[in-house]
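What follows draws every value from the coordinates through simple rules; no lab data is involved. Please read these numbers as outputs of a predicted model, since none were measured by experiment. All Cβ positions, even for glycine, are placed from backbone atoms using ideal geometry, and neighbour counts span all protein chains on display.
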Amino acid sequence: DAGVIQSPRHEVTEMGQEVTLRCKPISGHNSLFWYRQTMMRGLELLIYFNNNVPIDDSGMPEDRFSAKMPNASFSTLKIQPSEPRDSAVYFCASSSARDYGYTFGSGTRLTVV
Amino acid sequence: KQEVTQIPAALSVPEGENLVLNCSFTDSAIYNLQWFRQDPGKGLTSLLLIQSSQREQTSGRLNASLDKSSGRSTLYIAASQPGDSATYLCAVSNPGTYKYIFGTGTRLKVLA
């Protein structure tokens with residue numbers, strides 16, 4: 001298995017632009033999680049899905065953030081419009097009902113200038 | 001609300017030393033506890049997962065223990081090597097939810 005795949009690895013964008021981050025979970029995993037990591041706040045859970053349904057989006061910072069999971073093999077996290085304070089590393093993780101352990105992707109490093 | 005604390009925040013040891021990293025959590029009714037390693041600029045790699053019914057898990061030179069009643073877990077690294085240098089994160093999940101809450105990590109440096 002190729003693991004959890006995130007794209008792009010790096011994204012540099014100007015303030016006000018729309019940013020879309022992508023994630024492909026491990027095949028057979030039924031839960032998917034989006035985290036944001038910064039030096040100041042560590043790892044923060046933004047939203048998670050179970051069987052493609054959003055379960056908890058209480059960590060989504062503002063209406064500028066949205067996430068979708070149209071099918072079991074793909075999820076997107078969108079920021080529109082982006083702001084410099086959104087600069088962070090965004091991680092996607094997936095887990096299975098077998099043991100609920102996480103497997104993380106390599107992350108997307110977002111810089112908003 | 002579950003909170004996870006890791007002490008120390010940073011640790012520097014000479015090669016070959018055995019060491020212990022600590023993790024504490026406020027709500028003892030956990031479902032799972034997982035230890036991760038993160039290298040600078042990289043993603044998180046799962047090291048060990050302990051389910052609530054288990055007391056410990058071992059993988060190579062790593063041993064993780066869990067004491068639910070006291071809200072604590074330790075990660076023991078035997079015969080440390082420079083390649084063990086990384087940040088180690090502890091995370092817990094509670095029953096009825098699939099999500100993990102993370103500690104802020106312990107940054108380990110093993111000196112050659």
Condition (residue is within 22 Å of B:Lys1 (Cα to Cα) and more than 14 Å from chain A (Cβ to nearest Cβ)) applied to the stretch B:78-98: is it met by at least one residue? no
- Return yes when B:Lys68 is surrounded by 16 or more Cβ atoms within 10 Å (Cβ to Cβ) and either within 12 Å of another protein chain (Cβ to nearest Cβ) or touching a residue at least 12 places away in the same chain (Cβ under 8 Å) (or both) and no when it is not. yes
Here the residues within the stretch B:1-11 that are hydrophobic (A, V, I, L, M, F, W, C) and either under 13 Å from B:Arg72 (Cβ atoms) or not in a strand (DSSP E or B) (or both) are B:Val4, B:Ile7, B:Ala9
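Run down A:Asp63, A:Asp57, A:Asp99 and say which single residue is free of Cβ contacts under 8 Å to residues at least 40 places away in the same chain, on the phi < 0 side of the Ramachandran plot, under 14 Å from the mean Cα position of the chain (by Cα) and surrounded by fewer than 16 Cβ atoms within 10 Å (Cβ to Cβ). Give the derivation first.
Numbers: A:Asp63 fails: under 14 Å from the mean Cα position of the chain (by Cα); A:Asp99 fails: under 14 Å from the mean Cα position of the chain (by Cα).
Criteria check complete, one pass: A:Asp57.
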Condition check: surrounded by 13 or more Cβ atoms within 10 Å (Cβ to Cβ), over 19 Å from B:Ile7 (Cβ atoms) and of a type in the set (A, V, I, L, M). Does B:Leu49 satisfy that? yes
Those residues of the stretch A:27-44 that are away from chain B (no Cβ under 11 Å) and surrounded by fewer than 19 Cβ atoms within 10 Å (Cβ to Cβ) come to a total of 3
Taking the stretch B:12-50 and keeping residues away from chain A (no Cβ under 11 Å), more than 25 Å from A:Thr108 (Cα to Cα) and not in a strand (DSSP E or B) leaves B:Glu15, B:Gly16, B:Glu17, B:Asn18, B:Thr26, B:Asp27, B:Ser28, B:Ala29, B:Ile30
